[in-house]
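Taking it in order: structure first as structure tokens, then the write-up.
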Amino acid sequence: MDKQLMLEDHIRKNKRETVLICMFMVALLFSAIFAIGYILGLPPIFAMAIGLPISLLYLGVTYSFSVQSVIAAAGARPANPQVREEKLLINKVEEMSIAAGLPMPKVYVQDSRDINAFATGKKPEAALICATTGALHLLDSAELEGVIGHEMSHIQNRDILVATVTVAVVGTIALLAEIALRSLLFGGGRGNKRDGGGGLLVIIAIIFIILAPIFSRLTYLAISRKREYLADANGAYLTRNPEGLALALTKIKNDLPDDPKGSKTVASLYIANPFKREIRNSIWSTHPPLDERIRRLRSM
């Protein structure tokens, strides 16, 4: 089968999975709220009745303010077209948006010596791409184009929507789990009542609350790693030059982070972890190993 058709099939599958993943994350958050309500002594029907609205309300608020939150967490600023390197970045983003058939994203810059970039936004019509000043100074034109093609692919494949929803859910579940466990620790809730058969349900609920943050984060990290490979392949297709991105990733691998900026909460959005380099596969990694990504690009 033609490589282009295979890639398009993967993209369509990716978009279908996006809907399922978002639904799964909402269901996981709803289940966590229900379990917490049960542990704290709320009637099951009442816990169920308030669980879903709270889940949807929180995700709606997070969705509405996701872009502003990421910009603030990354410490990014709008690109300045009066600066030569930043004007080149704007031009590359425009070229890649035309190649992808997408609206022109907003262009931002993060003042950091490290080589990196990320994309975010609620949808392609409201997306942005940000590159570090290190990327602008240390990457040549083909390498920068490869990086921007990768980020444009994340927008095209709706990865930014998945990242927005899953990051919100992971953080919420972790916070709610801590509240529930602290409540039990200090003597509140159903967990301190010896009510016969209900004790088993309490134990199950407590185990779920302990495991839910871990499981939700592992799910998100697995999704993130898989989508990095697809964005690499699709980015290479947009630029028609896999070697450009491969060389950029090689420079990123050799450029150990010494000037990371922003919050670790948005580390998974970058083309490479801005706080450490992934050298081997791990279920806790935000990105797949750079060597493997480079190998796959050069085998295209």
query = Quick one: would you say Val93 is more than 30 Å from Leu181 (Cα to Cα), among the hydrophobic types (A, V, I, L, M, F, W, C) and either in a strand (DSSP E or B) or not assigned by TED's automatic domain parsing to the domain that holds Pro274 (or both)?
reply = no
inquiry  = Being polar (S, T, N, Q) and modelled with pLDDT of 95 or more is the filter here; which residues of the stretch 69-111 pass it?
reply    = Asn80, Gln82, Asn91, Ser97, Gln110
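I'm checking my understanding of the structure. Among residues of the stretch 75-90 that are of a type in the set (Gly, Ala, Ser) and either crowded, with 18+ Cβ neighbours inside 10 Å or part of a helix (DSSP H, G or I) (or both), which one is farthest from the chain's Cα centre (by Cα)?
Step by step, filter the stretch 75-90, then rank; the result is Ala79.
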request  = Please verify whether the stretch 211-229 includes one or more residues that are outside any loop (DSSP other than H, G, I, E, B), out of contact with any Pro (no Cβ under 9 Å at 6 or more places or on another chain) and farther than 26 Å from Val170 by Cα.
outcome  = no
inquiry  = Looking at Ser153 and the list (1) over 13 Å from the mean Cα position of the chain (by Cα); (2) modelled with pLDDT under 75; (3) among the small types (Gly, Ala, Ser), which single condition is not satisfied?
reply    = (2)
ask   = Restricting attention to the stretch 263-270, does a residue exist that is under 17 Å from the mean Cα position of the chain (by Cα) and charged (D, E, K, R)?
value = yes
query = Within the set of pairs 6 or more residues apart or between chains, which connect a residue that is closer than 15 Å to His137 by Cβ and in the same structural domain as Leu144 (by TED's automatic domain parsing) inside the stretch 234-259 to a residue that is of a type outside the set (Asp, Glu) and assigned to a helix (DSSP H, G or I) with Cβ atoms less than 6 Å apart?
reply = Ala248/Gly146; Ala248/Val147
request  = Please indicate, with yes or no, whether at least one residue in the stretch 24-37 is at pLDDT below 75, part of a helix (DSSP H, G or I), buried (at least 18 other Cβ atoms within 10 Å of the Cβ) and not hydrophobic (A, V, I, L, M, F, W, C).
outcome  = no
task = Identify, from the list Thr265, Thr286, the residue that is at pLDDT below 85, of a type in the set (S, T, N, Q), assigned to a loop (DSSP other than H, G, I, E, B) and at negative phi.
result = Thr286
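Would you mind finding the one in Leu297, Leu256, Leu221 that is surrounded by 18 or more Cβ atoms within 10 Å (Cβ to Cβ), at pLDDT 80 or above and of a type in the set (A, V, I, L, M, F, W, C)?
The conditions single out Leu297.
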ask   = Quick one: in the stretch 259-281, which of the residues that are of a type in the set (S, T, N, Q) and out of contact with any Leu (no Cβ under 9 Å at 6 or more places or on another chain) is surrounded by the fewest Cβ atoms within 10 Å (Cβ to Cβ)?
value = Asn281
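The values are calculated or read from the model by the stated rules, or taken from the named source; none is laboratory data. All values reported here derive from a predicted model rather than from experimental measurement. Note that we place each Cβ from the backbone using ideal geometry, even for glycine, and neighbour counts take in every protein chain shown.
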